[in-house]
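Single-structure report; data block below.
The values are calculated or read from the model by the stated rules, or taken from the named source; none is laboratory data. Just so it is clear, the structure is predicted and the values come from calculations on it, not from any experiment. Quick reminder, even Gly has a Cβ in these numbers, built from the backbone with ideal geometry, and neighbours come from all protein chains shown. Ligands, DNA and RNA are stripped out before the accessible areas are found, and what is left, the full protein with its side chains, is counted by its heavy atoms. Shrake-Rupley method; radii C 1.70, N 1.55, O 1.52, S 1.80 Å.
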Amino acid sequence: RPPSASCLCSPTEPERAAGDPWGDAPWVAGEIASVRGGEVPGRFVSSAKSWLSHGAVDRSAPILPWGVEDPDVMHVSPVDASARYLAHVRAAWDAAHERAKLADQDVVLTVPASFDEVARELTVDAAKRAGLRVRLLEEPQAAFYDFMREVGDAGVAELAERIGGDGLVLVVDVGGGTTDLSLLRVAREKDGAPSIARVAVGRHLLLGGDNMDLALAHACEPRLVGPGETLDPARFGQLVLACRAAKETLLAGDGAPDDAPVTVLGRGSGLFAAAKTTRLARAEVEAIVLGGFFPEVSREARSERARVGLVAFGLPYERDPVITRHVASFFARHAPDSAGPSAVLLNGGVFRARAIADALVGALASWGGPPVARLPNADPDLSVARGAVSYGLALAGRGRRIGGGSARGYYIGIRDNTLESRAVCVVPRGAEEGAPQRVEGRTFALTVGTPVRFDLFASDEARGDRPGDVVAVDEERFEALPPVATAIESGAPARGPKELRVELEGELTAIGTLELACVEVAHEGEPRRFRLAFELRGAAPARPASIAPPSIGGARLDQAKAAIARAFDSDETRAVKDLLRDLEKTLGERPSWTTELARALFDAVAPHARARRKSADHERVFWLLAGYCVRPGFGDPLDPGRVRALARLFVEKVVFADQERVWQQFWIAWRRAAAGLDAGAQVLVRDTVDPWIAPREAGLKRSKKFTPLALEDMIECAASLERAPRERREALGEWVLERTWTA
């Protein structure tokens, strides 16, 4: 059977009264929700998987449908939405298998390989809410398990022989909303048997078939409406679906027509009479989809790690829409000595269009390495589900398993008397499931009754670190995860002093999640274990745990403050031009600055606000340091006062208004501080920038006192203002999309 759609729809009052055979009430799930969601705008919930991996929101809060403020529409959290999908599947299964309930089965649940540990843990939590015990499997691995099922042991051995006994297989999974990348090594052992190990996984890319359909819809919309008009949300949703169908028809390969109709129905009694139709040409689709998303790129091409963050849409979409560039960047990062993969497995509904699959394989071939073998995948829609079954059988000893262990290494931040950001390895990259890793010889203090917090980092680099190794942390090689925290309740049985000495222990569990704990040392009897839980948004603040109390004082900080004062007090520009370099010489590179240090530097820079009038360099450096040191506008007890003090400067705008570099740092500073601005301050910023972003026909009056520069940075600043009213966030999205598709 075709897979059920992973979506929900909030039913209207008459629909609720009609009842629900699957027990999903007060929501509708599956295919009916997919259809109904396109007909009733503002009640549709989708992309829950993407929301589970979105660390900038509270994933346990009822935030979906995003941006809908209608009190008659119910809201649900990403975790609860996922639980409802699973509960819907469970109810359908149980109705068909009364003697073999789903809760009694071994259930394998697939997740994107790019899911971080928080998203994995929340997925397991959603399964528990649905009454299921699950084991997680990465989706690209599941697709490869299905390939192995299809070709059998002989086919896998033939593949190992075909790629020379040791080669890399790239798995590219492009779904409706995401792109998931994995790299597997297939080798021939001494006894001739093949072995398979997952080598690396890519980061979460919010980029997929939906983006292509949206691009086609925006190309078609002007042909269906009058000048200056747009389709309402419901009919635009119809247009997107019609463009998807046309895309699949026109890119199907041999025998595909030269063009295809795209129709949007009317409303009410004039449903068919008011229908509007245009046609999409195959050449037009190829130009937009193949040229825009799958062009040939060099192997050295790099995609930007930063995201544009159209926050008004809720999810952080990729800045770079070129999927082949993301593939090249991923492969070069994890296989720097290889010209290209030996084979590629394509998965996801996007690759049903033969032209898209051929374009990606052609892009890989253009790198100039050995010919790339394209592995068969008869049904991209079902291969992940079938592969999950094969994995379950392999766990029971009835098939070959993929090895590789943990795709990432995990590190706990430590604090000492240096200003360098450092961390200790807890779980190394490649650690096998179910093998506890103890950090011995390095103890921490836990105080009874006091919550403690540890900073957690992940790295996908093949570094060779072992548990206990201390490494320097930087933003390029390490990803900051939400902190982990624990507490020993004061009511716990007393066994010794109020302060306990503990060692860290980590484990990649059998179900596919990360477990971290503090294990008591110097004890009598069985050691106590205190599990470290992820501290998500809304959690109570905890005291940072450290080898020694964190300190940002001392001679080096005093030296840095003196350098700031000298630079801004002087009328000469040399000192202020060199200020950032001097600070990094004294304190270390900017990515290593702790929050405490950054705030101390902001407190030293802020009193020199008037000095920015001295020169363009004074102004540029002021905004650079002020914005960097106060980001993200919250997190320190004194941040509200700091952000309010900075907000008073916005009305003054830029002194040296003809200098683009000054405007650039000005907008970047406000983007960095945006999360700390209240609704009134955010609206003030939008009132200033909207006339310069909106099209002329919007009728917004532009100020005659200044003409802002650095438009792209201004747009990113505006997109960060989440507290602006919904209608203004929607308007910004429309303006940006109009700029995108008319550029």
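Key figures for this structure:
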read-out: Residue check, Trp667 crowded, with 20+ Cβ neighbours inside 10 Å, under 30 Å from Ala731 (Cα atoms), touching a Cys at 6+ places or on another chain (Cβ under 6 Å) and among the hydrophobic types (A, V, I, L, M, F, W, C); value: yes
read-out: Residue within the range 163-174 that is among the hydrophobic types (A, V, I, L, M, F, W, C), in contact with a Lys or Arg (Cβ under 7 Å, 6 or more places away or on another chain) and at negative phi present; value: yes
read-out: Criterion (β-branched (Val, Ile, Thr), open to solvent by less than 20 Å² (accessible area, probe 1.4 Å) and assigned to a helix (DSSP H, G or I)) met by exactly one of Val151, Val124; value: Val124
read-out: Residue within the range 385-402 that is β-branched (Val, Ile, Thr), assigned to a strand (DSSP E or B) and open to solvent by 30 Å² or more (accessible area, probe 1.4 Å) present; value: no
read-out: Extreme residue, surrounded by the most Cβ atoms within 10 Å (Cβ to Cβ), among residues of the range 454-464 that are farther than 16 Å from Ala517 by Cα and modelled with pLDDT of 90 or more; value: Ser459
read-out: Index of the failed condition, Pro376 passing every other in (1) surrounded by 15 or more Cβ atoms within 10 Å (Cβ to Cβ); (2) modelled with pLDDT of 90 or more; (3) farther than 22 Å from Ala462 by Cβ; (4) not basic (Lys, Arg); value: (1)
read-out: Residue identified as modelled with pLDDT of 90 or more, closer than 25 Å to Val45 by Cβ, touching a helix residue (DSSP H, G or I) at 6+ places or on another chain (Cβ under 9 Å) and part of a helix (DSSP H, G or I) among Ala234, Ala217; value: Ala217
read-out: Options Ala645, Ala657, Ala604, Ala609: the member that is within 22 Å of Leu709 (Cα to Cα), part of a helix (DSSP H, G or I) and out of contact with any Pro (no Cβ under 6 Å at 6 or more places or on another chain); value: Ala609
read-out: Long-range neighbours under 8 Å by Cβ, at least six apart or interchain, first residue at pLDDT 80 or above within the range 31-58, second assigned to a helix (DSSP H, G or I) and among the aromatic types (Phe, Trp, Tyr); value: Ala48/Tyr85
read-out: Members of the range 692-708 that are under 16 Å from Val651 (Cα atoms) and not charged (D, E, K, R); value: Ser703, Phe706, Thr707, Pro708
read-out: Members of the range 96-110 found to be farther than 13 Å from Val134 by Cβ and open to solvent by less than 60 Å² (accessible area, probe 1.4 Å), listed by number; value: Ala100
read-out: Residue among Pro550, Pro591, Pro632 that alone is open to solvent by 30 Å² or more (accessible area, probe 1.4 Å), over 30 Å from Ala61 (Cα atoms), outside any helix (DSSP H, G or I) and modelled with pLDDT under 90; value: Pro550
read-out: Unmet requirement for Ala187, which otherwise passes all of (1) part of a strand (DSSP E or B); (2) touching a Gly at 6+ places or on another chain (Cβ under 6 Å); (3) surrounded by fewer than 20 Cβ atoms within 10 Å (Cβ to Cβ); value: (2)
read-out: Residue, modelled with the highest pLDDT, within the range 408-453, restricted to residues that are outside any strand (DSSP E or B), open to solvent by 40 Å² or more (accessible area, probe 1.4 Å) and farther than 30 Å from Leu557 by Cα; value: Arg429
read-out: Within the range 672-706, considering residues that are outside any helix (DSSP H, G or I) and closer than 20 Å to Leu737 by Cα, the one modelled with the highest pLDDT; value: Ala694
